[in-house]
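Okay, so here's the structure we're looking at.
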Amino acid sequence: MDKTARIEVDGTSVELPTLVGTENEVSIDISTLRAKTGAITLDWGYGNTGSAESGITFLNGEEGILRYRGYPIEQLAESSNFLEVSYLLYYGELPTQEQLKNFQSEIIHHTLLHEDMRHFFNAFPKDAHPMAVLSSAVCALSTYYQQADESTDEGLDLSMFRLMGKLPTIAAWSHKKAHGQPFTYPDNSLGYCENFLKMMFSVPAEKFEPHPDISKALDVLFILHADHEQNCSTSTVRMVGSSQANLFASVSAGIAALWGPLHGGANQAVLEMLDNVVQSGKTAKQYIAEVKDKDSSSRLMGFGHRVYKNFDPRARIIKVFADRVLSLLGVNDPMLDVAKEFEETALSDEYFIERKLYPNVDFYSGIIYRALGIPVNMFTVMFAIGRLPGWIAHWKEMNASPKNRIGRPRQVYIGETERNYVPLKSR
């Protein structure tokens, strides 16, 4: 393959270097295009623009491949746990037993929030969306750790430990606040997911013990969400971090980006669709028939994916745990019954098979969260907890790169040309 690409702009021909990634992805380095030709590229949504060279996650949407640091997601979901995967994303290699033990210990011992932050939660209205609380609280953490020097390995590690430890506490307390229940403090004798479930659902009047199968399902969900290449929220973390904003501020911005219904809010949209079907009295087959009708406004949520043109590999994994959780809990819920009907119909319907509209990870994660009793407005918060190690790993990778520059996209101006100011009395 040629090592350059030739581009001609208004009669000016320039050669630009061609780069090939380790998985044979080809890219054209256009960083000197404007300097050489005066022209820029226009790429709405950046679907054809690489913003970074990254060694964290490989994604092949055509073949349904997802790997973290080279390890297939299927192997990690089966054999690893969330904190081990977090170590892998952050440090680049799987840990030894001793390294994982120390890593887990550091995170567990940073789960407590400063006691003054109790007042922070009280300042929000009862019906505040937990994603707003989460983003605000994470940004506020930077005020408690203003002396953190994230330019050093030790300082950045400490910020990472603090975020990984405290985000589940913030998430659980936002839930408790909305329900008027007392905050449950972290229990460092429990594992990461068990501790989160206890903070979410325990009350002082009753004993609470997380079921191991439920904890495992949640752990796998967090693994599947841990990173997904240069998506909207990850790109936001990198963009904000490129200005040398601290890790807390950058992650806070990523949480805000994740909040959008086209990104992390997708699993919430699935449940809202199911609820609409139940409330209307329709069957899944009737609703699907409406979806097929071009004149209908009905939309099918939780099927297909912008990146995956085949089956979402994460969905194959989590489907097993969705079936296991539903069987374990024996939940009698018409919304979940409709969800199973959607799944069975779509997987056998030629309309969806031809278009490769398979259930994605948002479809199954929404079902699991619903079965666990997690409120719909907390779904995206769960996504954020899982995505946190990926955000941190990308922030670290970007700031360690000698090629890092502050993010500054260009634009194609389509406004008015030069005009003379007209005094107010003359208008």
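Working from the alpha-carbon coordinates of the range 4-60, get Rg over Rh, Rh being the Kirkwood radius.
Expressed as Rg/Rh, it is 1.01.
First measure r as the distance between the Cβ atoms of D187 and D127, then evaluate 1/(1 + (r/R0)^6) with R0 = 30 Å and state the FRET efficiency to the nearest 0.05.
0.60
Sticking with the crude label model, points 7 Å out along Cα→Cβ, report the distance from I353 to H211 in nm, one decimal please.
3.4 nm
Run the quick spin-label model on S426 and K3: label points 7 Å from Cα toward the beta carbon, then report their separation in nm to one decimal.
Roughly 6.1 nm, to one decimal.
Which value in Å does the Kirkwood hydrodynamic radius of the chain take, with 1/r averaged over all unlike C-alpha pairs and then inverted?
23.6 Å
How many angstrom lie between the C-alpha centres of the range 187-235 and the range 369-397?
Result: 9 Å between the Cα centres.
With N set to the number of residues, divide the alpha-carbon radius of gyration of the range 266-372 by 2.2 N^0.38 Å and report two decimals.
1.01
Going by how many other Cβ atoms sit within 10 Å of their own, how do K403, K176 line up, fewest first?
Ascending number of Cβ neighbours within 10 Å: K403, K176.
As a footprinting exposure proxy, order D227, D295 by other Cβ within 10 Å, with the fewest listed first.
D295, D227
Below 8 Å, C-alpha to C-alpha, sequence gap of six or more: please give me the relative contact order for the range 266-372 in percent.
Relative CO of the range 266-372 lands at 43 percent.
Among I28, I255, what is the fewest-to-most ranking by other Cβ atoms within 10 Å?
I28, I255
Net charge within 11 Å of A371 by Cβ-Cβ distance, Lys/Arg positive one each and Asp/Glu negative one each, not counting A371 itself?
Spelling it out: positives minus negatives among the neighbours equals 0.
So if I restrict to the alpha-carbon atoms in the range 119-215, what is the Rg, and what is Dmax, the biggest pairwise distance, in Å?
Just the Cα atoms of the range 119-215 yield Rg and Dmax of 14.9, 46 Å.
Once amide H atoms are placed 1.01 Å from N in the peptide plane, what residues at a sequence separation of 5 or more from F303, or on another chain, have their amide H within under 5 Å of its amide H?
Those qualifying (amide H under 5 Å, at least 5 residues apart or on another chain) are N360.
When only Cα pairs under 8 Å and 6 or more residues apart are kept, what is the percent relative contact order across the chain?
It rounds to 19 percent for the chain.
Grab the other residues whose beta carbon is less than 12 angstrom from that of V338, score K and R as +1, D and E as -1, and report the net.
-2
Per-residue HN-Hα couplings for the range 294-299, Karplus 6.51 cos²θ - 1.76 cosθ + 1.60 at θ = phi - 60°, whole Hz, x for Gly and Pro?
Here the 3J(HN,Hα) series is 4, 8, 8, 8, 5, 10 Hz.
No lab work stands behind these numbers, since they all come straight from the coordinates. Model, not experiment: these values are computed from the prediction. Cβ atoms come from the backbone with ideal geometry, glycine included; neighbour counts cover every protein chain shown.
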